[in-house]
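The values are calculated or read from the model by the stated rules, or taken from the named source; none is laboratory data. Keep in mind that this is a model prediction, so the values were computed, not measured. Backbone-built Cβ (ideal geometry, glycine too); neighbour counts: all protein chains shown. We work out accessible area using only protein heavy atoms, side chains counted, and drop any ligands, DNA or RNA first. Shrake-Rupley method; radii C 1.70, N 1.55, O 1.52, S 1.80 Å.
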Amino acid sequence: MAIRPAEQLIHKAAWLYYAHGLRQDEVATQLKISRASVAMYLRKARETGIVNISTSTQLFTDDVTARRLEDAFALDAVWIAPENAYVADPSTDIAVLAASVFLELVKKGDRIGVAWGRTVYTIADIMSYADLQDVTVVQLCGNLGAPYSYRPDQCTMEIARRLNAKGLNFYAPLVLSTEELAKGLRAEPVIRDQLAGISNCDLALYSVGTVDSDSHVVKCGALNPAEMRDLRSRGAAGVIAGQIIDQKGEALDCSYNRRVISAELASLRAIEKRLIVVQEDSKFEPLLAAMTGGLCTHLVIGARMAERLLEHAGMASKKAS
């Protein structure tokens, strides 16, 4: 049910006060209302249950821009975090919103696939605790060396801990030294069965990576900057669950991908709900590639990224006509 205009301020006040910890006078300043009004709205929020942050995400699904993005890219649902001057790092808003969206999407008995990276780990770290029954959280790709932050196993187990769920890690490296080793490892019964079971997930959570020197696969040592530049010249557009994808969202034909232990893209596409969260504006091209390849059904982004996507969709429609 859509939120009526009269309820918008109640939801906004609750979001600023409970999700971001603003004082009542700061909420009043931000919304340009009196402090007395803020106190009244927060009381109504408590009485009606709006203070449950997971229900407050409805505010962001009623956005006209979100509806336009859903239509333009054939997505099931889009949530857009607004530009807020009171937040020093706008990406924080996106992570807070994404954590709430994720909890809304998880159902009892679900099997959840989780990738890795700073965005996923930030969501896990912000996420509220929930006691869900018979939920299993599985790692979508192999693991990285211990010194690297935001490892796949860390992301998987932290989300499992927040949900009081069972966590299943991938006991294999993300990248092998040779294609032959990777092929042999994928054929091992334990790894083979874990990879085969990913398509049975009900929900996947991941972000998209860039194909430049700041890419996670470069920072973790899987590729060096020169190798990444070469892959980009050959059509690399982004990274999904450790795999390099091209502009069509397909796995790039390269030795690196043949050495990766990760869910096949077909298995990811078989998952009913595929939630992508993007915090950085620099990920426009990778996100576009992922959506083009059918790797996203649900999306959480910021307002600037939403504007860029709509502008791109408008230009594409003009070219088609």
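The table below lists the values:
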{"read-out": "Residue-count net charge about LYS108 - beta-carbon cut-off 14 Å; Lys, Arg +1, Asp, Glu -1", "value": "-2"}
{"read-out": "Three principal axis lengths of the chain [C-alpha, angstrom, descending]", "value": "68, 50, 33"}
{"read-out": "Fraction of antiparallel bridges per DSSP, the chain only, in percent to nearest 5", "value": "25"}
{"read-out": "For the range 66-179, size of Cβ-based charge dipole, Lys and Arg +1, Asp and Glu -1, in debye", "value": "260"}
{"read-out": "Whole-Å distance, taken between Cα centres, linking the range 223-284 and the range 129-161", "value": "20"}
{"read-out": "Interchain or long-range residues, amide H under 5 Å from GLN279's placed H", "value": "none"}
{"read-out": "Per residue value of the accessible surface for the chain (all protein chains in place, 1.4 Å probe), Å²", "value": "46"}
{"read-out": "Two-site label geometry, THR65 and ASP131: point separation in nm, points 7 Å out along Cα→Cβ", "value": "4.0"}
{"read-out": "Candidates ASP230, ASP63, ASP153, ranked by Gaussian network fluctuation over the chain, Cα under 10 Å, top entry", "value": "ASP230"}
{"read-out": "Inter-label distance, nm, simple model (7 Å from Cα along the C-beta direction), VAL190/ARG232", "value": "3.8"}
{"read-out": "Along principal axes, Cα extents of the range 205-321, largest first, whole Å", "value": "39, 30, 27"}
{"read-out": "Built amide H within the under 5 Å cut-off of GLY238, gap 5+", "value": "ILE245"}
{"read-out": "Under 21 Å from the Cα of LYS44 - lysines, other chains or at least 8 residues apart", "value": "LYS12, LYS32"}
{"read-out": "Potential extension, GLU180-LYS219 segment - 0.36 nm per residue separation minus Cα distance", "value": "11.6 nm"}
{"read-out": "Listed residue pairs exceeding 28 Å between alpha carbons, taken from LYS107/LYS183; LYS108/LYS219; LYS108/LYS283; LYS183/LYS248; LYS183/LYS283", "value": "LYS107/LYS183; LYS108/LYS219; LYS108/LYS283; LYS183/LYS283"}
{"read-out": "The chain, helix-only ellipticity at 222 nm - DSSP H runs n ≥ 4, -39,500 (n - 2.57), divided by all residues, nearest 500", "value": "-13000 deg cm²/dmol"}
{"read-out": "Shape category assigned to the range 94-201 from the gyration tensor of Cα positions, a/c cut at 1.5", "value": "oblate"}
{"read-out": "Proportion of all alpha-carbon pairs of the range 101-153 beyond 16 Å (%)", "value": "47"}
{"read-out": "Inter-label distance, nm, simple model (7 Å from Cα along the C-beta direction), ASP281/GLU26", "value": "2.4"}
